[in-house]
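Everything below concerns the one structure shown next.
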Amino acid sequence: MVRKFVFIMIFMKKNTVFIDGSSGTTGLQVASRLSQRADIDLVILAKKDRKSKKKRSEAMQYSDVTILCLPDLAAIQAVELTKDRNVRVIDASSAHRTAKGWVYGFPELCSEQKNEIANASFVSNPGCYASGFIALSRPLVEGRVISKDLCLVAPSVSGYSGGGKNMIASMKKGELPPHFDYALDLAHKHIPEMMMYSGLQAQPLFLPSVGLFEQGMLVRLAIPKAQFPKDITTNDIYDLYREAYREHPLIKICESESHSMTKNSSFLSAEGLAGDDGLEIFCFENKHAEQLLIVARLDNLGKGAAGACVQNLNIMLGCNPYTGLNLKE
């Protein structure tokens with residue numbers, strides 16, 4: 001067994017990946033995950049070269065895939081460097097999530113999406129909130145359980161790491177309140193992708209907030225039963241999600257809620273999947289008030305950022321999306 005293992009390691013084809021923006025929150029997480037893999041050579045520029053267009057362009061050309069972990073404007077400028085070059089890019093920013101010519105990097109979106117990502121040159125990584133919202137809402141729209149014109153109310157909370165280095169530092173210094181709402185103009189930058197990939201025609205009432213915990217996220221849909229076109233139960237909702245995600249092991253349908261909640265079964269911790277790349281779906285009901293609450297739980301840096309980025313990279317490289325193992329070997 002040992003000799004066979006050594007033989008495979010010697011002849012294993014390595015893929016080269018350039019992370020442009022490797023010092024940011026997402027970049028560090030992606031680099032940490034990929035640095036542990038024997039099948040990948042990471043290209044990370046020296047600090048003095050990180051703003052050099054020439055060095056970055058050369059790294060993009062050299063690499064099998066470039067991952068952009070940059071602010072939106074910087075990501076747009078980085079893509080300009082790829083013109084007339086045969087390169088493949090994953091953009092972790094929000095700059096290209098609804099842009100023409102880019103494939104949306106949510107493999108669970110539909111049956112064709114994984115193949116679209118595998119063959120794409122340009123893949124946009126989904127937003128963290130958007131991942132939870134789309135995972136919940138798209139099956140409801142496609143299953144005609146809700147109208148495309150319904151204004152979904154989506155109160156959500158994320159760990160403070162979603163705000164990047166500055167927010168992390170401010171929170172740890174006690175400069176921010178322990179819990180706060182933001183995007184109070186009701187125009188959060190994730191809304192365009194939420195609408196485009198859920199199939200909704202009405203803008204959701206999206207209410208994001210930040211809590212005093214580093215990683216984790218809850219995205220909620222609060223829906224009175226009167227807004228459903230027919231009588232529907234939590235079992236019907238669970239059946240819908242089970243069918244939608246039966247071939248996607250990263251999305252878990254938690255019909256028996258207590259096993260995945262806190263010891264007090266009335267609590268659902270936003271930190272429950274911190275450090276994990278999965279996404280969990282819960283459904284709660286008040287039969288007397290005829291109200292439903294559907295919740296997606298994920299790690300804002302896992303399935304909501306770096307974890308999704310690595311999943312998309314694996315698909316683009318022809319590897320197992322979940323383990324990174326080469327499917328051809």
* Please tell me if Ser94 is touching a Lys or Arg at 6+ places or on another chain (Cβ under 9 Å) and in the same structural domain as Ser32 (by TED's automatic domain parsing). => yes
* To do: Can you tell me which residue among Lys148, Lys172, Lys83 is surrounded by fewer than 19 Cβ atoms within 10 Å (Cβ to Cβ), assigned by TED's automatic domain parsing to the domain that holds Pro229 and under 30 Å from Lys51 (Cβ atoms)?
  => Lys172
* **The listed residue being at pLDDT below 95 and in contact with a helix residue (DSSP H, G or I) (Cβ under 7 Å, 6 or more places away or on another chain), out of Asn326, Asn320, Asn300** => Asn320
* Structure fact -> Within region 148-181, the residues that are out of contact with any helix residue (DSSP H, G or I) (no Cβ under 8 Å at 6 or more places or on another chain) and within 26 Å of Pro224 (Cβ to Cβ) are Asp149, Cys151, Val153, Pro155, Val157, His179, Asp181
* Output for region 16-26, where each listed residue is modelled with pLDDT of 95 or more and not β-branched (Val, Ile, Thr) -> Phe18, Asp20
* Consider Lys83 carefully, then state whether it is at pLDDT below 95 and within 29 Å of His190 (Cβ to Cβ). => yes
* Matching residues, region 95-129, being farther than 24 Å from Leu317 by Cβ and touching a Ser or Thr at 6+ places or on another chain (Cβ under 9 Å) -> Thr98, Tyr129
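The values are calculated or read from the model by the stated rules, or taken from the named source; none is laboratory data. Since we're looking at a predicted model, the values are computed, not measured. So basically every Cβ, Gly included, is an ideal-geometry build from the backbone, and we count neighbours across all protein chains shown.
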